[in-house]
């Protein structure tokens, strides 16, 4: 069977993805992003949602392309870029922490093992703690540093002179 011609392996259009995600998640914010469909999921529903979009055969988001964080004034947002290698469609998932002071989300490293490394980087640079992470630790900086990608970061100790 030719993969490109297999009806079960055809990518959904962005519109079809948005329609399916909206109907399955009426409380989530789903929209067309600049390139891919985007969905913002409540922090307490993130893990179940992510497990569902990987295991649902019509979606089959089996590849976590990238996971990163964005600092906002009252919360930190973690952004996940996902691909289905089966269907060749892409999407972006966003989840906001409840606040900046105790920024936490559930890990997705049990769903996509590569998230283990992405989440350590986000923890190191933005200070987001990932619940149930198997080995959450700083990769780049020691504990004397704060979280340098936060907008309020200021460090008089590690100043680099020009």
*Rg(Cα)/(2.2 N^0.38 Å) for segment 53-122, N = residue count*: 1.16
*Which angle from 0 to 90°, rounded to the nearest 10, does the C-alpha axis of helix 46-55 make with the longest principal axis of the chain?*
40 degrees
_Among DSSP bridges having both ends in segment 14-95, what percentage is antiparallel? Round to the nearest 5._
80 percent
*Once the piece of chain linking residue 35 and residue 151 is laid out straight, how much longer is it, given 0.36 nm per residue of separation minus the C-alpha distance between them?*
39.1 nm
*Restricting the count to DSSP beta bridges whose residues both fall in the chain, what percent are antiparallel, rounded to a multiple of 5?*
75 percent
_For the chain, calculated [θ]222 nm from helices alone, where every DSSP H run of n ≥ 4 adds -39500 (n - 2.57)_ = -6000 deg cm²/dmol
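What full-extension length gain, to one decimal in nm, is calculated for residue 65 and residue 143 as 0.36 nm per residue of separation minus the Cα-Cα distance?
25.2 nm
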_Label point distance in nm, residue 85-residue 51, each placed 7 Å from Cα along Cα→Cβ_ = 2.3 nm
*asked:* As a test of understanding, state the convex hull volume per residue of segment 3-100 from its alpha carbons, in Å³.
replied: 96 Å³
_Label-point separation, residue 72 to residue 101 (7 Å along Cα→Cβ), nm_ = 1.9 nm
*In percent, how large is the relative contact order of the chain, given Cα pairs closer than 8 Å and 6 or more residues apart?*
17 percent
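Throughout, read-outs are computed from the coordinates displayed, never taken from laboratory work. The structure presented is a predicted model; accordingly, all values stated were derived computationally and were not measured. As a convention, Cβ positions derive from the backbone with ideal geometry for all residues, glycine included, and neighbour counts pool all protein chains shown.
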